[in-house]
């Protein structure tokens with residue numbers, strides 16, 4: 001019996017990966033600098049620190065541009081409500097109705113996580129919220145998922161992780177937790193290590209209801 005779902009955020013609850021990527025590329029274009037990687041697949045599931053390592057190899061130049069980007073980011077905020085994936089809230093309602101624990105475990109910064117939860121008005125569904133920047137090692141290390149198990153008191157056999165990126169899937173699998181992956185609509189990503197790949201939350205909701213609650 002499933003007792004808990006542990007959710008990644010970007011690319012799972014919200015379709016934000018493309019927005020992040022194009023905002024970064026627009027910034028670099030505006031300042032007439034060519035980033036060291038222009039492939040969206042390189043950035044999927046990465047921590048903010050790793051993203052900037054990929055964008056700018058030189059550490060001194062990286063810090064300079066990062067500070068400029070923070071100002072640019074404030075001027076170009078994201079309203080996560082516009083990016084919430086189809087069927088997400090209905091799926092969360094189904095889990096809540098059947099007293100399933102819900103945990104959010106994102107590689108991103110807590111400020112971004114809180115911003116998404118507030119914009120989408122889904123914070124009340126989650127029993128525990130974790131940021132990868134608050135554990136010793138971010139994804140693809142398993143730390144955040146081990147922390148989720150430890151703080152919730154749940155056994156890994158009772159949980160399902162929902163991820164999308166290769167790094168996120170690796171992190172969950174290293175923690176020994178069954179991992180399902182949401183297939184992206186507009187780009188490709190290696191999800192071969194996932195136990196199960198699904199197209200959208202509308203179909204997943206039907207699957208969960210049919211197999212667990214009827």
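Going by the conditions given, is residue 151 within 16 Å of residue 201 (Cα to Cα) and surrounded by fewer than 14 Cβ atoms within 10 Å (Cβ to Cβ)?
no
At least 3 residues that are out of contact with any strand residue (DSSP E or B) (no Cβ under 6 Å at 6 or more places or on another chain) and within 30 Å of residue 205 (Cβ to Cβ) in each: list the helices (runs of 4 or more DSSP H) lying fully within the stretch 23-87 that qualify.
Hits in the stretch 23-87: 40-43.
Tell me which residues, restricted to the stretch 122-145, are crowded, with 17+ Cβ neighbours inside 10 Å, out of contact with any helix residue (DSSP H, G or I) (no Cβ under 7 Å at 6 or more places or on another chain) and under 24 Å from residue 91 (Cα atoms).
126
Just name the residue that is surrounded by the most Cβ atoms within 10 Å (Cβ to Cβ) out of those in the stretch 74-86 that are under 12 Å from residue 15 (Cα atoms) and touching a helix residue (DSSP H, G or I) at 6+ places or on another chain (Cβ under 7 Å).
Here the residue is 80.
Being farther than 17 Å from residue 7 by Cβ and more than 16 Å from the chain's Cα centre (by Cα) narrows it down to one residue among 186, 205, 195; which is it?
Being farther than 17 Å from residue 7 by Cβ and more than 16 Å from the chain's Cα centre (by Cα) holds for just one of 186, 205, 195, which is 186.
Can you tell me how many residues within the stretch 174-209 are in contact with a strand residue (DSSP E or B) (Cβ under 9 Å, 6 or more places away or on another chain), surrounded by fewer than 19 Cβ atoms within 10 Å (Cβ to Cβ) and under 24 Å from residue 19 (Cα atoms)?
Qualifying residue count, the stretch 174-209: 5.
How do the pairs read when you match residues in the stretch 163-188 that are more than 22 Å from residue 205 (Cα to Cα) with residues anywhere that are in a helix (DSSP H, G or I) and at pLDDT below 95, using Cβ under 6 Å and keeping only pairs 6 or more apart or on different chains?
Qualifying pairs under 6 Å: 187/40.
Looking at 171, 141, 107, can you tell me which residue is in the same structural domain as residue 87 (by TED's automatic domain parsing), out of contact with any strand residue (DSSP E or B) (no Cβ under 9 Å at 6 or more places or on another chain) and within 21 Å of residue 49 (Cβ to Cβ)?
141
Of the residues 105, 109, only one is touching a helix residue (DSSP H, G or I) at 6+ places or on another chain (Cβ under 8 Å) and at pLDDT below 95; which?
109
Being surrounded by 14 or more Cβ atoms within 10 Å (Cβ to Cβ) and over 18 Å from residue 169 (Cα atoms) is the filter here, so list the residues in the stretch 4-22 that pass it.
18, 19, 20, 21
Looking at 25, 1, which one is free of Cβ contacts under 8 Å to residues at least 24 places away in the same chain and loosely packed, with under 15 Cβ neighbours inside 10 Å?
25
Name the single residue that is surrounded by the fewest Cβ atoms within 10 Å (Cβ to Cβ) among those in the stretch 94-109 being touching a residue at least 12 places away in the same chain (Cβ under 8 Å) and not in a strand (DSSP E or B).
The qualifying residue surrounded by the fewest Cβ atoms within 10 Å (Cβ to Cβ) is 98.
Just to check your reading of the model, which residue among 92, 117 is assigned by TED's automatic domain parsing to the domain that holds residue 156, closer than 10 Å to residue 9 by Cβ and either modelled with pLDDT of 95 or more or under 15 Å from the mean Cα position of the chain (by Cα) (or both)?
From the options 92, 117, the qualifying one is 117.
The values are calculated or read from the model by the stated rules, or taken from the named source; none is laboratory data. Computed from a prediction, not measured in an experiment: that's the story for all the values here. Cβ sites come from the backbone with ideal geometry, for glycine too, and all protein chains shown count toward neighbours.
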